[in-house]
Structures are given as C-alpha cells and as structure tokens.
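Q: One structure coming up, written as structure tokens, with questions to follow.
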C-alpha cells in the first residue's frame, strides 16, 4: 500500500517483468477502463523496447479483435495482459499465468479476486491500494499477506496546497486556476454527478462543459471526459491532455484514478461536500506529480452537513493518506470503512479495531502460534476451537484463500 502517486505501478511493473523473464505470463486487473488504459500505456511505453508483448483487454474490445487477442493470450504470445474484470470472464485462458497484480483491490469482491487466481496454477499475487489502511485493519484484513508500505513520495515533487472556497468566492478560485494555465501549467475541473440516469448524466456533463467553454474558460483549450465515452475516445482525450494539447480537462469522477500528468498543477473540485474522504484524496492525488507546487481548490456549497464540513476541514489540513484513513475509520466504524460483507470483517462486540491495535496484534500472534503447534487441532483444548470455527465460518473458508 502507498499513497496516490507514490510509485506502486512501477513496483508492479518490475515484478511483472521478473515473471516474464522466468517464462511466465502476468496479468494486471484494474477497476475501471480508464485506469486499465493508463496502466497499459505505462507498461507499453516502458516495456515495448525490451521486446515484451503487452495487451489491453477491456469490455470495449469486441468481435474479431477480441477473438484474436484471446487466442494470443491462450497460446502465450502475449506476455502481460492489462484489463478490467473482463479478465475473469469465461473463455479467457492463459498459457502460463504466473503472476497477478490487482490494483485498487478494495473495489473488487473476494470472489472476483479468487477467479483471477484460478486462471493460473498457483500464481503469485500482488494487491495494491492507494487507500492506506490503518495498521489494525491491515492485520485483520490481510493477516496472511506480507505487507509493504511505500510511505514516501519520489524525490523532486512539489508541495500540494488545499484550500476551500465558498460559492460566493467561485470567481476567485477560477481566477487562480487561470493564472496557473497562463504559466503554461494544466488543470482538472471535476464535478459530481448525482443523476442516476445515464442520459441525464451525459446531459449534465456536456452542459457543464459548454458553460465553462463559453464562460470562465473561453480562451483556453478544454476537453470533456466522462464515463459514457467509448474507450478509444477516452484514450484520445487522455493523450491530448498528457501531451499538453489540452490545457484543462473537465471531468466527472471517472477521472478519479488513472491519469498521470506531471504538468497538471490544479485540481478544482466543484461541490466537494458530495464526495467521500478517500475519493477527495484520490482526486487530489492526480496533481503534485511534477516539480512545481500544486493546488487543490474546493468550491463548496454553503449548505453542508456537519459531517461534510469535517471532511473538508480534514482534507484541507493534511495530505497524509494514513491520517485520512484513520479518521475515516473512526467516523464510519471499521465495518463500513471497507464494507463488512465484502471483506468478512468481524463485527466485534467489545473490541474496537481502530483503538485496540495491541490487542489485535496479540490475538493474531496467538492464533498463528496455535496453528503452528497443532495444525490439525487435535489437542484436547483445540478440538472445541475447531468445531466452533467450522460451524461458524464453513462457507467462508474457501473465500478466505482468495485474500
């Protein structure tokens, strides 16, 4: 685990390369097409010159192209496959899958992760998350994994400053954004989508973009990025922004993860009160990737709940993802922090996972020792433990192996 922009993707790439050098295939599964496309482009640009065959496999790929790619993967011609949950569909067969990377793993269910592992013969697995997990939760959720933490940013990065603007000061926020564009920098403008209908969502995205294009940002080169676009269209928009052809990217939260543009120094978020803490932190992580100082501007509504005020206050006071996740867990409780159901997180009667780190650690050590001393639980005292455990967690035992 490591914060947004700390270099997790590079680590994954190096390990995938080791797998390929040893005659295996590697797969990288990401939660969204935009993120998968970004990973694919990074891998392709760095590994193509080394003669490594990298392919992108998402839901957008259909017909003959899809059939051809599946054949190449099955015959081992493609060495690294990057994709979304389409990688776990029936009909996707690997010749020799030896290494699996799962990015933003909290956004996949346990069954989905298990299915990808089953595509290979006991492949090694690396799970990555940019939502740092409090230590006690990490022990509970990932007690059987080796945990590595990247707790520093790459050298030479600028600072990130966060500031809240009320609706009455919206002009001031946009004036600041324009001053950065005038210096040759680039910016993101993100706004939330609250409509459930796809048509309404598309309409809202387009009308907001047109409003900015004809108003506040009329003299700049803009692009619009939203979730209803085709993969090829998104790729072209991302390319234009990455290469500096576009000065500002107007986006729905689809851009929450995936883009890596060192020249982008402003992230303006409209209605931050409608976003969760980790989402705001993820969005802010899109800037501050170059040597210049960066600025996250939160243009919030005057009508905010006390909880939203607290979230904005916290995000404005720190860029430390671990502090943010600790606070998030305390506010929402450990069960809801990741979703008790998905992660099989125990609802404890007395212990508090956020507070009782020492207790959780001791319980874990005792459990490991018990298994070491009596693996089959045949001892007099341990038989009862085994019976209670099996009756309580019978259905979950298979899923536990998926991580």
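Q: May I ask you to list the residues in the stretch 19-35 that are in a helix (DSSP H, G or I) and touching a residue at least 60 places away in the same chain (Cβ under 8 Å)?
A: 19, 20, 33, 34, 35
Q: Which of the residues belonging to the stretch 239-258 are modelled with pLDDT under 85 and crowded, with 20+ Cβ neighbours inside 10 Å?
A: 252, 254, 255, 256, 257, 258
Q: Can you go through 105, 112, 89, 118 and tell me which one is at pLDDT below 80 and more than 30 Å from residue 355 (Cα to Cα)? Show your work before the answer.
A: Working: 105 fails: more than 30 Å from residue 355 (Cα to Cα); 89 fails: at pLDDT below 80; 118 fails: at pLDDT below 80.
After applying the criteria, what remains is 112.
Q: If only one of 5, 76 is closer than 15 Å to residue 260 by Cβ, part of a loop (DSSP other than H, G, I, E, B) and either within 23 Å of the chain's Cα centre (by Cα) or outside the structural domain of residue 260 (by TED's automatic domain parsing) (or both), which one is it?
A: 5
Q: Also: How about the stretch 372-402: which of its residues are under 26 Å from residue 118 (Cα atoms), out of contact with any helix residue (DSSP H, G or I) (no Cβ under 6 Å at 6 or more places or on another chain) and either at pLDDT below 75 or surrounded by 10 or more Cβ atoms within 10 Å (Cβ to Cβ) (or both)?
A: Within the stretch 372-402, 389, 390, 393, 394, 395, 396, 397, 398, 400, 401 meet the criteria.
Q: Here's something else I'd like to know. Name the single residue that is modelled with the highest pLDDT among those in the stretch 341-363 being part of a helix (DSSP H, G or I) and within 18 Å of residue 329 (Cβ to Cβ).
A: To start, the set of residues in the stretch 341-363 that are part of a helix (DSSP H, G or I) comprises 341-343, 357-363.
Filter once more, so that each one left must be within 18 Å of residue 329 (Cβ to Cβ): 341-343, 357-361.
Values: 341: 50, 342: 47, 343: 49, 357: 71, 358: 78, 359: 82, 360: 78, 361: 79.
Out of the qualifying residues, it is 359.
Q: Still on this model: Has the stretch 286-308 got any residue that is part of a helix (DSSP H, G or I) and in contact (Cβ under 8 Å) with a residue 60 or more places away in the chain?
A: No: zero hits.
Q: Now, a different point. Just to be sure, is residue 225 at pLDDT 90 or above and in contact with a helix residue (DSSP H, G or I) (Cβ under 6 Å, 6 or more places away or on another chain)?
A: So residue 225 fails the test.
Q: Whether any residue in the stretch 128-147 is within 28 Å of residue 273 (Cα to Cα), buried (at least 16 other Cβ atoms within 10 Å of the Cβ), under 20 Å from the mean Cα position of the chain (by Cα) and modelled with pLDDT of 75 or more is what I want to check.
A: yes
Q: Let me ask something else. Suppose the filter is in contact with a helix residue (DSSP H, G or I) (Cβ under 7 Å, 6 or more places away or on another chain), at pLDDT below 90 and not in a loop (DSSP other than H, G, I, E, B); does residue 330 pass it?
A: Answer is no for this residue.
Q: With (1) more than 24 Å from residue 184 (Cβ to Cβ); (2) within 21 Å of the chain's Cα centre (by Cα); (3) modelled with pLDDT of 90 or more as the list, and residue 262 as the residue in question, which single condition is left unmet?
A: (1)
The values are calculated or read from the model by the stated rules, or taken from the named source; none is laboratory data. Here the structure is a predicted model, which means the values were calculated and not measured. For neighbour counting, all protein chains shown are included, and Cβ atoms are generated from backbone atoms with ideal geometry for every residue, glycine included.
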